[in-house]
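Remarks on the structure that follows.
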Amino acid sequence: MLPSTILGLVLLIVVLLPGAAHIKVRQLRWPVRDVSPLWESLRLITISVVADALALALLGLCRVGAPGSTPDVGALVREPGPYARSHYVSLLWWSLALLLAAVCGAAWCGTERATRLAARLPFVGRYVPEGEHPSRVSAWWQAFNEWPEARVQVGCLLEDGAYWSGWLRSYSNRVSDDAERELVLGGPLYYRPPGAAVEAELPDTGAVILSARRITAITITYVMPPAPTSPGPSPSP
């Protein structure tokens, strides 16, 4: 049931902000799966509750270390009105700080770096894989992320025989391998018309958007960055 007052609605949104930030960050990097509204709501609530609880635990640690500089939770519970009126500035700043900590912490836990770090922990690592299982990602995502440190050069053969080639700029990260997806190639772009034998560079074109509906084959080349060279010994005088 939704809150019946504006204040209750604002509090609900604030409480659920950490879960929303976590899910949004994961959607920017990992494939987006189609799940039921019930499962998505449970995920949002669970992540938010855990993040908010950790933020309150952080407040408890700060209370133990610096009792004079933190809000008195006991007094706030016993006399919420008088305490809030006399300490509203401190309560406001601490509320904003705890909300920021919960949102930033939940968002960071949704990054790829946090996933790799959790996978290396002694006890947590067995339950946190470093990458998504192949059954939970699309063929595009598997191929484009085979070597995360490499640049990806893509060639696309279209159904009419035309061919496009360029650097991968972005692509739809949906899990389903359907025709309702697009990928964006950046320059330098090379194009070979249908029936032609040689591709030519398009100097005045910065990007091209290709629909999966028209793509029949994709070639991928991984270009590794150059290894850093260590300076050699300086010549002796």
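The values are calculated or read from the model by the stated rules, or taken from the named source; none is laboratory data. Every value quoted in this text rests on a predicted model; they were computed, and no experiment measured them. Counting neighbours? That spans all protein chains shown, and the Cβs are built from the backbone with ideal geometry, glycine included. Note: accessible area is taken over every heavy atom of the protein model, side chains too, but ligands, DNA and RNA are not part of it. Shrake-Rupley method; radii C 1.70, N 1.55, O 1.52, S 1.80 Å.
Assorted remarks:
- Some residue of region 94-113 being of a type in the set (Asp, Glu) and surrounded by 15 or more Cβ atoms within 10 Å (Cβ to Cβ): yes
- On inspection, residue 42 does not qualify as aliphatic (A, V, I, L, M), at pLDDT 85 or above, farther than 27 Å from residue 174 by Cα and open to solvent by 70 Å² or more (accessible area, probe 1.4 Å).
- One residue from 157, 202 being out of contact with any Gly (no Cβ under 7 Å at 6 or more places or on another chain) and at pLDDT 90 or above: 157
- Some residue of region 51-69 being at pLDDT 80 or above, among the β-branched types (Val, Ile, Thr) and surrounded by 15 or more Cβ atoms within 10 Å (Cβ to Cβ): no
- Strands (runs of 3 or more DSSP E) contained entirely in region 173-212, each with at least 2 residues that are within 27 Å of residue 141 (Cβ to Cβ) and of a type in the set (Phe, Trp, Tyr): 182-192
- Among the criteria (1) out of contact with any Leu (no Cβ under 6 Å at 6 or more places or on another chain); (2) outside any helix (DSSP H, G or I); (3) open to solvent by less than 50 Å² (accessible area, probe 1.4 Å), the one residue 148 does not fulfil is (3).
- The listed residues are 176, 170, 165, 135, and the only one of them that is of a type in the set (S, T, N, Q), open to solvent by less than 60 Å² (accessible area, probe 1.4 Å) and modelled with pLDDT under 75 turns out to be 176.
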